[in-house]
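To keep things clear, I will list the structure first and then write my remarks on it.
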Amino acid sequence: MIMIYSIYHLSLIAKDYIHILQYLIVDIMSEYENMRTADIVAEALLDWKVDVIFGLPGDGINGFMEALRQRQNKIKFVLVRHEESAAFMACAYAKYTGKLGACVATSGPGAIHLLNGLYDAKADNTPVIAITGTTYSDLINSSYQQDVNLLQLYSDVAVYNDMISVPEQAEMAVDIACRTALAQRGVSHLTIPIDIQEKKLSGKFSRHNVAYHTSDVYVAETIPSRSIIQKAAEILNSGSRIVILVGQGAIGAGDEVLAIAERLNAPVVKALLGKSVIPDDNPYSLGGLGLLGTEPFSDAMGEADTLFMVGTSFPYVDYLPKPGQARGIQIDIKPEKIGLRYPVEIGLVGDSRLILSALLPLLNQKGNLEFLKSKQEAMKNWNRLLSEKSTRTDKPIKPQVIAKAVSDEIEDNAIISVDCGTNTSWAARYIDIRKGMKFSVSGTLSSMANGLPYAIAAQIAFPERQSIAFVGDAGLTMLMGEFATAVQYNLPIKVIVIKNNTLGMIRWEQMGFLGNPEFGVEFSPIDWVKFAEACGGKGYSIREPFEVRSKLHQGMKERKPTIIEAYIDPFEPPMPPKVEMSFVTNLAKSFSKGQPYSRRIGLTLFRNQVHTSLKNIHSHSVKGK
Ligand SMILES: Cc1ncc(C[n+]2csc(CCOP(=O)(O)OP(=O)(O)O)c2C)c(N)n1
Ligand SMILES: [Mg+2]
């Protein structure tokens, strides 16, 4: 008993000695000794290769700003005009580079402004770290100036959400935050009280903490066991009408996707976030799906006996094959996404490129080309229809004409950032992705206003490439101040505005989905040329059909940030690939309830119909000759 007692005590004493020893070692070794919390956070972010941080300071975060000022040759601070943009930029930076995105804002209002952009990152599974300030540690929750409970506010958006309350915690907190954001592909949030940002590390770690016990190592590549891949191969080998659906998670695996498509004679459908996975003119591509998609995709989904999803959780399940119709296989980096949208037999968790490479040798070359050929044929017809719509010479100009001209004008390595609205439909269908291009959008959150901040982030990440924002006028208005940011940083982005002075998409939703007359969708116009010039950039206006190509060409060649506004037909409907009867009856209902402009809308629809029919007659007769 006595012996046990004394051993216990000896061990305690030994532990104390180890602790004292640790303090000594820390004293000798500490790279952070006597450093302010703010500096430790900045150093730790650098260890995670954070090289750009987007934000806007305030007194709640000035201590951290000083840390950034002192490290401006290692970490670039980009000053925005609205914190929401900073979060969008961090998200886009991560999407376009594959790195961790970062943003910073002050306590209270600054942190609140970040949220929408952070939700964009959360919704699209994009790793971002947000650093915010919080009021003085001894005044938290006292209704002090800008005292907002940020931990509570960020609890829904963040996968890791913490307050740094002592300098000794700082490095560990950043390590966990960065690793969690990368591992869970989401948002990490660290908030630091004003006084704590200034507080220096004294090395007085708590009894059970050990300095530097966390690291900045991240292991990302994962691949399932061979037996599971084999099972997936068996299902694919037994399918005869296989459709491959790719999303954002397949970006960078385009060659592997195409190799599998060839082996299986399987057409490839692209969710919008995965538009850049394979080129639009590739014979295996059926373009997009959903409301913004193509008609052939819709037929392919209807006929598929096997659905192979790669890196996508495309939300509109009604556009997928009916449950039970097709055997499902899914690749996703996040296990919780497996089986989320479609019942799958096999879920392959891991890196899509690695898994596809492992899968390919296990797949037999299919002989039957019938399914693929029928869809390729349908795609030719679909492309003829798009070509007919994008070569019209009507005035007002059809938005499709603008999108197609942009597509033809952009460089081979362009990065295209698109906003939310009818502009998304035009970009999805008429801007053709070539190999090497990048493309993104606020996908799952479908927020307006992301286009301009995304394009800025893209240009910062890739100064040598062409960065295009294709946006609506309302979306652009929301964060238009960022055009001045582009001017300030000499970023020669090109912003193409679809100018209809309307919340275009909402007009059609109110009429076509609910059968109501439009309400609250029109706004007074902005002269985007004057605005661009007032900011110090360049502006072009396209009003006439004959000047579409020349003005675009001129605008794209500018070395300054440039806005090209295109006056388009505000009544051109963004039609789904297959028009449902309910859409037509709702439209009629909205007309009967007093929809304004019903005559013009009716006429536009009628003319579109006549135009297509005439073209069809014409092309048939030409074919017949
Ligand atoms: C932040 C935000 N607010 C509202 C919406 C709903 N919404 C979706 S599209 C749209 C209209 C967008 O108008 P505009 O940017 O002019 O594009 P257009 O449809 O005219 O091409 C609105 C209000 C949204 N998606 N995001
Ligand atoms: Mg608009």
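The values are calculated or read from the model by the stated rules, or taken from the named source; none is laboratory data. Since this is a predicted model, take the numbers as computed values, not measurements. A quick note on method: Cβ atoms are made from the backbone with ideal geometry, for glycine too, and the neighbour counts reach across all protein chains shown.
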- Item | Answer from 128, 104 - the residue that is touching a helix residue (DSSP H, G or I) at 6+ places or on another chain (Cβ under 9 Å), under 20 Å from residue 219 (Cα atoms) and of a type in the set (A, V, I, L, M, F, W, C) | 128
- Query: Could we say that residue 111 is within 30 Å of residue 311 (Cβ to Cβ) and crowded, with 24+ Cβ neighbours inside 10 Å here?
  - Reply: no
- Boolean, residue 424 is of a type in the set (Val, Ile, Thr), in contact (Cβ under 8 Å) with a residue 60 or more places away in the chain, within 30 Å of residue 520 (Cα to Cα) and not in a helix (DSSP H, G or I): no
- Query: Of all residues in the stretch 391-430, which are away from ligand 1 (no atom under 16 Å from the Cβ) and more than 23 Å from the chain's Cα centre (by Cα)?
  - Reply: 391, 392, 393, 394, 395, 405, 408, 409
- Message: Could you check the stretch 543-584 and list, in sequence order, the residues that are part of a helix (DSSP H, G or I), touching a residue at least 60 places away in the same chain (Cβ under 8 Å) and among the charged types (D, E, K, R)?
- Response: 549
- Within the stretch 492-510, can you find the residues that are under 18 Å from residue 575 (Cα atoms) and either aliphatic (A, V, I, L, M) or within 9 Å of ligand 1 (Cβ to nearest atom) (or both)? 498, 500, 502, 503, 504, 505, 506, 507, 508, 509
- Got a number for residues in the stretch 472-527 being within 16 Å of ligand 2 (Cβ to nearest atom) and aromatic (Phe, Trp, Tyr)? 3
- Would you point out which residue out of 524, 550 is more than 20 Å from residue 423 (Cα to Cα) and more than 12 Å from ligand 1 (Cβ to nearest atom)? 550
- Query: Quick check, is residue 232 buried (at least 20 other Cβ atoms within 10 Å of the Cβ) and small (Gly, Ala, Ser)?
  - Reply: yes
- What do you reckon, is residue 162 assigned to a loop (DSSP other than H, G, I, E, B) and either in contact with an Asp or Glu (Cβ under 8 Å, 6 or more places away or on another chain) or touching a residue at least 12 places away in the same chain (Cβ under 8 Å) (or both)? no
- Query: In the set 242, 194, which member is of a type outside the set (Ser, Thr, Tyr), modelled with pLDDT of 95 or more and in the same structural domain as residue 154 (by TED's automatic domain parsing)?
  - Reply: 194
- Exclusive hit being out of contact with any strand residue (DSSP E or B) (no Cβ under 7 Å at 6 or more places or on another chain), among the acidic types (Asp, Glu), outside any strand (DSSP E or B) and touching a residue at least 60 places away in the same chain (Cβ under 8 Å), set 147, 216, 138: 216
- Message: Any residue that is acidic (Asp, Glu), crowded, with 22+ Cβ neighbours inside 10 Å, outside any strand (DSSP E or B) and in contact with a helix residue (DSSP H, G or I) (Cβ under 9 Å, 6 or more places away or on another chain) - is there at least one of those in the stretch 391-411?
- Response: no
- Flagged in the stretch 483-498 as under 23 Å from residue 554 (Cβ atoms) and crowded, with 24+ Cβ neighbours inside 10 Å, in numbering order, are 483, 486, 493, 494, 495, 496, 497, 498
- Query: When you go through 595, 609 one by one, which is the residue that is within 28 Å of residue 476 (Cβ to Cβ) and either surrounded by fewer than 17 Cβ atoms within 10 Å (Cβ to Cβ) or at pLDDT 90 or above (or both)?
  - Reply: 595
